[in-house]
Amino acid sequence: MPSGLEQLAHALSPQPLPDAVCRARFLAGLPDPRDRRGRRFPLTAIVTAAAASVLAGARSLTAIGEWIADAPR
């Protein structure tokens, strides 16, 4: 697993679980381990798109990428 994903996997929740009801506010608190120069999209948008693809049935990184590419803007 890439080191950035490992950091996210082992990070403590930025907010208590009851406050996680508001998805945007909860995801905005995630630490972004990426270098500032390498950021094209906000981490919140990436995680939200990945979560939506998994909820739609994507089960692999390839399927997640394809679902996101096919999703309307």
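The values are calculated or read from the model by the stated rules, or taken from the named source; none is laboratory data. Predicted model, so just to flag it, every value in this text is computed and none were measured. All Cβ positions, glycine included, derive from the backbone under ideal geometry; neighbour counts span all protein chains shown.
Please go through the stretch 33-73 and give me each residue that is touching a Ser or Thr at 6+ places or on another chain (Cβ under 9 Å) and either modelled with pLDDT under 85 or surrounded by 14 or more Cβ atoms within 10 Å (Cβ to Cβ) (or both), ordered by number.
Kept after step one, since they are touching a Ser or Thr at 6+ places or on another chain (Cβ under 9 Å), are these residues of the stretch 33-73: 33, 63-68, 71.
Selection gives 33, 63, 64, 65, 67, 68.
Within the stretch 7-32, track down each residue that is in a helix (DSSP H, G or I) and either at pLDDT 65 or above or of a type in the set (Asp, Glu) (or both).
19, 23, 24, 25, 26, 27, 28
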